Amino acid sequence: VRLLESPDPEVREQAVWALGNVAGDSPQHRDIVLGCNALNSLMKLVNPRFSNTQTIRNLAWTLSNCCRGKPQPEFHRVKPMLPVLRQLLTHNDSEVITDTCW
């Protein structure tokens, strides 16, 4: 999670991808990602000032992985990302929109 704040954009992108893989593996792993306060750092990166289109795509995919699975995550854990998901739905890249809706 600390790598999400790296000054190196490639390191940040790889950290986003890694957390997406962990969160998408199982509801238990998703809850671990949510429990270690990864969402706050992930949501900060949605700003195009910090991230290129590929990183934004990975962010959309990672955030969607944090919302999936049965049992569903506790709503209070994912509620803070609703404004960010709304923002991603207006992105000009179709892959970002697709992953956000997924």
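Can you list the helices (runs of 4 or more DSSP H) lying wholly within region 17-102 that have 3 or more residues being touching a Ser or Thr at 6+ places or on another chain (Cβ under 8 Å) and not aromatic (Phe, Trp, Tyr)?
53-65, 94-101
Of the residues that make up region 30-37, is at least one open to solvent by 10 Å² or more (accessible area, probe 1.4 Å) and aliphatic (A, V, I, L, M)? Within region 30-37 (the criterion being open to solvent by 10 Å² or more (accessible area, probe 1.4 Å) and aliphatic (A, V, I, L, M)), the answer is yes, since at least one residue qualifies. Among the residues examined, LEU42 does not qualify as closer than 21 Å to PRO83 by Cβ and modelled with pLDDT of 95 or more. Residues in region 1-16 that are surrounded by fewer than 21 Cβ atoms within 10 Å (Cβ to Cβ), charged (D, E, K, R) and either touching a Leu at 6+ places or on another chain (Cβ under 8 Å) or part of a helix (DSSP H, G or I) (or both): how many? Residues in region 1-16 being surrounded by fewer than 21 Cβ atoms within 10 Å (Cβ to Cβ), charged (D, E, K, R) and either touching a Leu at 6+ places or on another chain (Cβ under 8 Å) or part of a helix (DSSP H, G or I) (or both): 3 in total. Number of residues in region 62-81 that are open to solvent by 90 Å² or more (accessible area, probe 1.4 Å) and within 14 Å of the chain's Cα centre (by Cα): the value is 1.
Evaluation of ALA23 against the conditions (1) out of contact with any Lys or Arg (no Cβ under 7 Å at 6 or more places or on another chain); (2) surrounded by 19 or more Cβ atoms within 10 Å (Cβ to Cβ); (3) touching a residue at least 40 places away in the same chain (Cβ under 8 Å) shows that the sole unmet condition is (1).
For first residues located in region 86-102 and open to solvent by 90 Å² or more (accessible area, probe 1.4 Å), partners that are of a type in the set (Phe, Trp, Tyr) and lie 6+ apart or on another chain with Cβ distances below 8 Å form the pairs TRP102/TRP61.
The values are calculated or read from the model by the stated rules, or taken from the named source; none is laboratory data. A quick note: this is a predicted structure, and the numbers were derived from the prediction, not measured. Cβ coordinates were reconstructed from backbone atoms using ideal geometry, including for glycine residues, and neighbour counts include every protein chain displayed. Side chains included, ligands, DNA and RNA excluded: accessible areas come from the protein's heavy atoms. Shrake-Rupley method; radii C 1.70, N 1.55, O 1.52, S 1.80 Å.
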